[in-house]
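Here the structure is laid out as structure tokens; the discussion comes afterwards.
The values are calculated or read from the model by the stated rules, or taken from the named source; none is laboratory data. Bear in mind the structure is a predicted one, so any value in this text is a computation, not a measurement. Every residue, glycine as well, gets a Cβ built from its backbone with ideal geometry; the counts of neighbours run over all protein chains shown.
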Amino acid sequence: MKQLVLDMGLAKGPSLSNFCVGPNAAALDHLQLWLGQPGKAGTARSPVPTYLWGPGGCGKSHLLCAVSSALQGQGQRVGWLDATTSVADEFDATWAAVLMDDVHAFDAAQQQAAFNWFVNAQTQQIAVLAAGSLPPADLKLRDDLRTRLGWGHVFALQTLDDTQRREVLRASAQARGIALSDEVMDFMLTRFSRDLGSLMELLDLMDGYALQTQRAITIPLIKTMMDNA
């Protein structure tokens, strides 16, 4: 039997277009509007900060990465700081935006860097887009940083429930001309990560493997695909 090589990593990077919106349309609409402002003279993007918060798997990191990718795709640079950053870059006034992820987990040094970036961004009229697991008032951060994170646009993101996940999966499959049975969706939701982004990547792999093998998407096909990964 021919061994099929599958790329089990992310097939596509995060983008606003592949964000599974569910109950989070307000945050997506806000970011699309903000990105749609070209940043040219007289039409600068709003410098008012935006803060996204919610539990793991709700898509807040996806949205920040999508904004970063979109700006870099336009030839612009961004400042990025998250809880894994050991040494923060010096603030750069040419950045199109400052992006901060997992702010709830920032240690003292990261909080100092975030505050420094925030103050400089406000001076330079550069927007700060941040994300964390808690609403601003509940963040265990230094007061001056916490208050700044909460004074602009704040969006509470929600994870999709199983019914919504199924609806998104079914609609995405139908758009590809694929019929997903209830049994296949049950298998996907019980045997793999329930994070919707991961499920959509799994659907990509299943679709490609089914085309390569000229077989319908069934539980045995998924098991064979994983054995050949």
message = Test of understanding: among 149, 202, which residue is assigned by TED's automatic domain parsing to the domain that holds residue 49, within 24 Å of residue 28 (Cα to Cα) and surrounded by 14 or more Cβ atoms within 10 Å (Cβ to Cβ)?
response = 149
key: Options 157, 189, 180; residue that is among the aliphatic types (A, V, I, L, M), under 26 Å from residue 29 (Cβ atoms) and touching a residue at least 24 places away in the same chain (Cβ under 8 Å)   = 157
task = Would you be able to say whether some residue in the stretch 66-80 is within 20 Å of residue 198 (Cβ to Cβ), among the hydrophobic types (A, V, I, L, M, F, W, C) and in contact (Cβ under 8 Å) with a residue 12 or more places away in the chain?
result = yes
task = Tell me, please, whether a residue that is in a helix (DSSP H, G or I), in contact (Cβ under 8 Å) with a residue 60 or more places away in the chain and surrounded by 15 or more Cβ atoms within 10 Å (Cβ to Cβ) can be found in the stretch 219-228.
result = yes
message = Checking the condition within 26 Å of the chain's Cα centre (by Cα), part of a helix (DSSP H, G or I) and at pLDDT 90 or above, which residue from 211, 203, 199 passes?
response = 203
query = Can you tell me which residue in the stretch 118-132 is farthest from the chain's Cα centre (by Cα), limited to those that are closer than 18 Å to residue 44 by Cα and β-branched (Val, Ile, Thr)?
reply = 123
inquiry  = Given the criterion modelled with pLDDT of 95 or more, more than 27 Å from residue 196 (Cα to Cα), among the hydrophobic types (A, V, I, L, M, F, W, C) and surrounded by fewer than 17 Cβ atoms within 10 Å (Cβ to Cβ), identify the matching residue among 105, 93, 83.
reply    = 93
request  = Select the helices (runs of 4 or more DSSP H) contained entirely in the stretch 41-153, then report the ones holding at least 2 residues which are closer than 23 Å to residue 16 by Cβ and among the polar types (S, T, N, Q).
outcome  = 60-73
remark   = Condition set among the charged types (D, E, K, R) and closer than 19 Å to residue 84 by Cα, scope the stretch 108-145, selection surrounded by the fewest Cβ atoms within 10 Å (Cβ to Cβ): answer is 140
ask   = Which one is nearest to the chain's Cα centre (by Cα), of the residues in the stretch 182-196 that are surrounded by 14 or more Cβ atoms within 10 Å (Cβ to Cβ) and outside any helix (DSSP H, G or I)?
value = 195
inquiry  = Among the residues that make up the stretch 2-11, is at least one of them at pLDDT 85 or above and small (Gly, Ala, Ser)?
reply    = no
note = The residue from 165, 170 that alone is of a type in the set (Lys, Arg), surrounded by 17 or more Cβ atoms within 10 Å (Cβ to Cβ) and within 13 Å of residue 189 (Cβ to Cβ) is 165
query = Which residue pairs have Cβ atoms closer than 6 Å, lie 6 or more positions apart in sequence or on different chains, and pair a first residue in the stretch 110-123 that is touching a residue at least 24 places away in the same chain (Cβ under 8 Å) with a second residue that is of a type in the set (Lys, Arg)?
reply = 111/142; 118/148
